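So the structure is just underneath, and the comments pick up after that.
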């Protein structure tokens, strides 16, 4: 087949790739090829964000109902119905519903494994595509599997197996106490599994505020989830019908299934990076325009560049990359560990910007204001008496908010207001005029500004 030419070639049709392709057509009338070897919609839609939230929401709603006087909660969760709803959310691993959106925009979907084949060249299963303007790499990441002796032999699960299985393990050991680990621990405990979490660091969700870890650990204790922090799994072996996970201390955790949730690795092992002078198997370094330095017309967005492994940040980066391709001004305003983020446990955690510790490490002169998340009139109706604290981190020299962490019942949407304040560097004297309606839980902002002295 003769070489085919497009304005832009996007490798990877996950959320970042889809946003890039759509924006190129809608804002720049570009001819775009979108290459995907698996499901259009990517890891997030089918194996991560979406199915995990479908598994978490029922127990969250049940716990909220138990906090409201007058509601009789008797039967608990129907595990089979929860799994059926999960399957509905991920369309039974069928991406047909994603395709009309591409067709309406004239984006050409090419099924197959895309590899770079030199500057502005991509090979897809033997065919060569040429890019007039740019190539955007958006191939995402996969679960990391640590070199623990015996782990591979026992058939350990990654997020892909756990979020799509129809099996409810009687006993589940989770290696890794980060976001995926704690979310899946609570989800599968609610479905009836006995759960043990093993975390090598000295606290769960270690990048967040210490009080986040403390509250999650307390909640897990109430739910009967066993937690081992500060020691790693040293060996895994199968004994009959069960799997034995041995910790460094010699303690053994026995399970029917093991989930590994210790981080992610970029899908760059077979991407043809060596054809453009880059090293395979590593994250692709980019500048603030998402361009690969020294390679005109080559961009990398989403997990593959390693800057912020979050779906929404990949979508944001895709917008920046496209705007740069189209010759528009580009300014990266939020990145890395300061990105907005949510942990969908109950209580939830929603944060943006600095923690108190990271602000201090950055040399910022800070003042920290803590308020009880359930301390507003609005919390009489939502999240009544639910545990959780909210922390605001202020740059005292500039009088602007540089970080916020919300912990409590259903606080995931709280973080957007904080993100606006952080990104916009809104002076607190002005922020104090953003009146929170009564009686809503958004009066947390009123309590914050009053405590700050405004």
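The values are calculated or read from the model by the stated rules, or taken from the named source; none is laboratory data. Note that this is a predicted model, so its numbers are computed, not measured. Ideal geometry is used to build each Cβ from the backbone, glycine not excepted, and the neighbour counts take in all protein chains shown.
Structure data summary
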{"quantity": "Helices (runs of 4 or more DSSP H) wholly inside the range 123-226 that include at least 2 residues being free of Cβ contacts under 8 Å to residues at least 40 places away in the same chain", "calculated": "210-223"}
{"quantity": "Residue ID - surrounded by the most Cβ atoms within 10 Å (Cβ to Cβ), chosen from residues in the range 295-320 that are modelled with pLDDT of 95 or more, in a loop (DSSP other than H, G, I, E, B) and out of contact with any strand residue (DSSP E or B) (no Cβ under 8 Å at 6 or more places or on another chain)", "calculated": "307"}
{"quantity": "Count of residues meeting criterion [within 26 Å of residue 25 (Cα to Cα) and surrounded by fewer than 22 Cβ atoms within 10 Å (Cβ to Cβ)] in the range 321-344", "calculated": "12"}
{"quantity": "Selection count where residues are out of contact with any helix residue (DSSP H, G or I) (no Cβ under 6 Å at 6 or more places or on another chain), over 29 Å from residue 167 (Cβ atoms) and touching a residue at least 40 places away in the same chain (Cβ under 8 Å), scope the range 259-276", "calculated": "7"}
{"quantity": "Failed condition for residue 109, given (1) crowded, with 19+ Cβ neighbours inside 10 Å; (2) touching a helix residue (DSSP H, G or I) at 6+ places or on another chain (Cβ under 6 Å); (3) touching a residue at least 40 places away in the same chain (Cβ under 8 Å); (4) not in a loop (DSSP other than H, G, I, E, B)", "calculated": "(1)"}
{"quantity": "Tally of residues being assigned to a helix (DSSP H, G or I), in contact with a helix residue (DSSP H, G or I) (Cβ under 9 Å, 6 or more places away or on another chain) and at positive phi across the range 92-106", "calculated": "1"}
{"quantity": "Condition met for residue 170 (touching a helix residue (DSSP H, G or I) at 6+ places or on another chain (Cβ under 6 Å), surrounded by fewer than 23 Cβ atoms within 10 Å (Cβ to Cβ), over 18 Å from residue 230 (Cα atoms) and not assigned by TED's automatic domain parsing to the domain that holds residue 311)", "calculated": "no"}
{"quantity": "Leading residue by the ranking (nearest to the chain's Cα centre (by Cα)) among those in the range 241-262 that are outside any strand (DSSP E or B) and under 20 Å from residue 168 (Cβ atoms)", "calculated": "261"}
